[in-house]
Amino acid sequence: MTVLLNNLKRIFLKPINIILMIVVPIVLNLFFISINNAEQLYEIGVIDLDQSELTKSIVEEIKIAANTHDYEDDIDVINSDLLNSNINMAVRFPENYAQDMIDGKCPKVEIFAIEENTDSIPLTMLIASFGTNCGEIGKLCDGDEDKFYDVVEDYLDGTFKAEYGNFDLSKGEKIDRAVNSLGYLAMGMMFLMSFATTLLLEDKVTRVYSRLLTTPTTRASYLLQHLLSYIIVAAVQVVLIISLLPVIMDGELSFGDSFGVTIQVMLVTLLFATACIAIGLTISRFSKNNVVAGAFVGLVNLPVLMLGGCMWPRDLMPEWLQKVGDYVPTTWFLKAAEEVLYENGMGAAWKELALMGGLAVILVTVSFVVETDDKC
């Protein structure tokens with residue numbers, strides 16, 4: 001057990017290793033999730049062809065929830081600003097809007113938008129329901145303008161003065177956030193490859209392994225203790241991060257609605273970490289020095305993280321790149337984690353788990369069986 005304990009000391013006593021394994025994944029999660037949670041004021045273009053007391057009151061109330069921008073009745077300009085994301089949506093009040101309301105005719109407000117999201121949907125529904133309700137008020141007031149405006153004023157106070165906020169995240173959105181978080185964690189997992197490469201190469205360069213051969217320690221025992229030390233480090237990393245992040249994020253992030261699901265997420269993550277370790281062991285076994293090993297780690301690390309969807313959604317990539325990404329362990333990891341988070345159980349992710357486990361077994365076997373020129 002000497003090699004195992006020595007490896008643990010070499011890893012945990014270096015602050016840079018702790019930063020890469022624990023601090024970096026946590027900081028990445030805090031940064032990106034805080035950006036996603038930042039309250040974004042909606043930008044709305046207003047075309048008011050009526051210029052009545054009613055439409056002006058509506059626009060003033062909309063300003064509570066959004067920034068408004070006055071527009072002329074030019075659809076081309078509106079479409080251009082929508083396409084360029086200068087505004088998120090536009091609202092067009094037709095001529096005689098207020099009078100038609102008073103007469104109980106329920107005139108329609110035109111809404112222009114390219115794509116709705118959780119911010120635009122409540123505001124769109126609010127404006128639509130306002131038109132319907134004001135039309136009903138007009139019918140009840142039987143054309144009495146003063147009475148109409150008195151009732152509408154009360155209605156505005158009760159409707160628009162309500163607190164405006166984003167909808168709570170749906171289960172699917174919570175799981176998407178958890179999967180994205182695991183993608184950032186995967187970056188930390190991939191750094192384990194560097195640990196595996198660095199420590200083995202240090203032993204090769206300093207002839208530590210050669211000296212160990214003169215002791216009862218066998219080559220198989222030496223490599224096995226290296227492997228176990230990295231798995232222990234990975235287990236510590238996985239448990240700490242998956243346990244701490246939901247607490248640090250104060251409920252904004254969850255790795256499962258139950259303890260059982262969280263444990264399954266940890267097991268899936270640990271299996272992925274084992275695959276990363278196996279890749280690192282293989283690189284170290286067939287590298288002559290740190291320069292060669294570093295080149296190989298770079299060639300493997302970044303493409304695997306990018307193609308697997310750890311740095312950005314895979315949907316943003318061309319279809320042919322997505323197909324290439326189907327064959328990298330990060331894709332298998334995130335797909336398996338998603339199945340578990342949807343409470344489908346680890347059995348639903350058997351294919352991805354088998355691929356990660358198979359990759360780890362093959363690479364570890366190659367690392368243990370194949371001898372290099374230096375007999376390490």
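The values are calculated or read from the model by the stated rules, or taken from the named source; none is laboratory data. Computed from a prediction, not measured in an experiment: that's the story for all the values here. All Cβ positions, even for glycine, are placed from backbone atoms using ideal geometry, and neighbour counts span all protein chains on display.
A few points about this structure:
- The one condition in (1) over 28 Å from residue 264 (Cβ atoms); (2) surrounded by 13 or more Cβ atoms within 10 Å (Cβ to Cβ); (3) of a type in the set (Gly, Ala, Ser) that residue 357 fails to fulfil: (1)
- Filter result (closer than 13 Å to residue 1 by Cα and in contact with a helix residue (DSSP H, G or I) (Cβ under 6 Å, 6 or more places away or on another chain)) within the range 227-237: 228, 229
- Test: residue in the range 286-293 that is under 20 Å from residue 19 (Cα atoms), surrounded by 21 or more Cβ atoms within 10 Å (Cβ to Cβ) and touching a helix residue (DSSP H, G or I) at 6+ places or on another chain (Cβ under 9 Å): no
- Only residues that are farther than 27 Å from residue 259 by Cβ, surrounded by 17 or more Cβ atoms within 10 Å (Cβ to Cβ) and either among the hydroxyl-bearing types (Ser, Thr, Tyr) or in contact with a Cys (Cβ under 8 Å, 6 or more places away or on another chain) (or both) were counted across the range 198-247, and they come to 7.
- Scanning the range 44-86 for residues that are in contact (Cβ under 8 Å) with a residue 60 or more places away in the chain and closer than 20 Å to residue 151 by Cα yields 53, 54, 57, 58, 61, 62.
- Here the condition is being modelled with pLDDT of 80 or more and of a type in the set (D, E, K, R); of 72, 39, it holds for 72 alone.
- Only one entry in 298, 358, 280 is under 19 Å from residue 195 (Cβ atoms) and without any contact (Cβ under 8 Å) to a residue 24 or more places away in the chain, namely 298.
- Count of residues meeting criterion [surrounded by fewer than 22 Cβ atoms within 10 Å (Cβ to Cβ) and of a type in the set (Phe, Trp, Tyr)] in the range 174-190: 0
A quick yes/no check of all residues on (1) under 25 Å from residue 335 (Cβ atoms); (2) modelled with pLDDT under 85:
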| residue | (1), (2) |
| --- | --- |
| 216 | no, yes |
| 243 | yes, no |
| 249 | yes, yes |
| 291 | no, yes |
| 294 | no, yes |
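- The listed residue being of a type in the set (S, T, N, Q), assigned by TED's automatic domain parsing to the domain that holds residue 155 and at pLDDT 85 or above, out of 67, 79, 117, 84: 79
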